[in-house]
Amino acid sequence: MKVASGVEVIELKIEALGNQIVLNPTLVWDNKMSILIDTGVPGQLNQIKEAIAKADVHFDTLKAIILTHQDIDHIGAFLNF
């Protein structure tokens with residue numbers, strides 16, 4: 001979901017304990033680089049790449065990741081990157 005120019009809230013869906021949960025990392029970018037705020041859970045890297053591409057941003061421009069806190073649903077997707 002586009003929030004503003006250069007700001008996209010990514011919706012990552014997971015099943016947990018029989019419920020669908022939506023996680024919301026945020027992508028911020030300009031014409032030189034992008035930054036991802038939080039990363040979802042392990043196994044969601046491909047979903048993140050697809051969401052970044054859908055925002056018309058190249059994954060190669062990702063230069064930083066900001067983790068808001070250490071919970072697995074915020075740090076997991078890049079654990080084995």
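The values are calculated or read from the model by the stated rules, or taken from the named source; none is laboratory data. Note that the structure is predicted; figures quoted are calculated from it, not measured. Every residue, glycine as well, gets a Cβ built from its backbone with ideal geometry; the counts of neighbours run over all protein chains shown. SASA here: full protein model, heavy atoms, side chains in, ligands and nucleic acids out. Shrake-Rupley method; radii C 1.70, N 1.55, O 1.52, S 1.80 Å.
Remark: pairs (first residue in the range 1-30, aromatic (Phe, Trp, Tyr); second residue assigned to a loop (DSSP other than H, G, I, E, B); Cβ separation under 9 Å; 6+ apart in sequence or on different chains) = 29/6; 29/55; 29/57.
Quick one: in the range 56-81, of everything that is aromatic (Phe, Trp, Tyr) and either assigned to a helix (DSSP H, G or I) or under 11 Å from the mean Cα position of the chain (by Cα) (or both), which residue is modelled with the lowest pLDDT?
As a first pass, look at the range 56-81 and keep what is aromatic (Phe, Trp, Tyr): 59, 78, 81.
Cutting the leftovers down to either assigned to a helix (DSSP H, G or I) or under 11 Å from the mean Cα position of the chain (by Cα) (or both) gives us 59, 78.
On the way: 59: 95, 78: 68.
Per the stated criteria, the residue is 78.
Given the criteria open to solvent by 50 Å² or more (accessible area, probe 1.4 Å), under 20 Å from residue 76 (Cβ atoms) and not small (Gly, Ala, Ser), does residue 8 qualify? So residue 8 fails the test. When only residues in the range 34-55 that are small (Gly, Ala, Ser) and outside any strand (DSSP E or B) count, which is surrounded by the most Cβ atoms within 10 Å (Cβ to Cβ)? So the residue we want is 40.
Restricting the range 15-31 to residues that are among the aliphatic types (A, V, I, L, M) and at pLDDT below 85 leaves a set whose member that is farthest from residue 49 (Cα to Cα) is 17.
Please go through the range 1-33 and pick out each residue that is outside any strand (DSSP E or B) and basic (Lys, Arg). Steps first, answer last, please.
Step one: of the range 1-33, the residues outside any strand (DSSP E or B) are 1, 5-6, 10-11, 17-18, 24-25, 30-33.
Within the range 1-33, 32 is the sole residue that qualifies.
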